[in-house]
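Structure first, then comments.
The values are calculated or read from the model by the stated rules, or taken from the named source; none is laboratory data. Every value quoted in this text rests on a predicted model; they were computed, and no experiment measured them. For the accessible areas, the whole protein counts, side chains as well, though only heavy atoms, and no ligand, DNA or RNA atoms are used. Shrake-Rupley method; radii C 1.70, N 1.55, O 1.52, S 1.80 Å.
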Amino acid sequence: MSKPPFEQLVTAHGPTVLRVVRAVLGPDEAEDAWSETFLAAMRAYPGLPDDANAEAWLVTVAHRKAIDATRARARRPAPVEELPEHPARTGRPEDWDPDLWRALGALPDRQRQAVAYHYLAGLPYKEIAALTGGTADAARRAAADGMRTLRRTYPANETGEAEHP
């Protein structure tokens, strides 16, 4: 049994793949994910065993492309009406926002460093790991944990309690 031409796979399983990516991503991003699915599948198709379930394989590729699109969407900036930060005149956070400085100062050292190096200096996690010791994954985790804590504890309201429990 030999594999059918790739074009037949697109015709036979394209609608299923489109339904999968629409369900996962919504209609706005589905067509791009569908195209990326079949581009990736076309490259990998020569290595697919003749007896493989092509539809299941394509749905798996589509699932991975949908995950990639979801992750990319999460990294895109969210529009806001007003910028939440105001630049400091001296470059020291305590000069313009003592609550932010207190929140940063309350973080464990590794989290504070990871947040500062990644979000303020724009360094990739691999470089942060080289600076602080450890792995890129540990730096990524420290930055994520630090940001989660900051979102929970900053800004403080008039009573000194965090606005986001």
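Ordered by solvent-accessible area of protein heavy atoms (1.4 Å probe), largest first, the residues D99, D137, D50 come out as D137, D50, D99. Here segment 1-46 has 59 percent of its accessible surface on carbon and sulfur atoms, given a 1.4 Å probe and all protein chains in place.
Scalar couplings 3J(HN,Hα) for segment 10-25, obtained by applying the Karplus form with A = 6.51, B = -1.76, C = 1.60 to θ = phi - 60°, are 4, 5, 6, 10, x, x, 5, 4, 5, 4, 5, 5, 5, 5, 7, 9 Hz; x denotes Gly and Pro. The string of couplings for segment 55-67 from the Karplus curve (6.51, -1.76, 1.60, θ = phi - 60°) is 5, 4, 4, 5, 5, 5, 4, 4, 4, 5, 5, 5, 4 Hz, one whole number per residue in order, with x for Gly and Pro.
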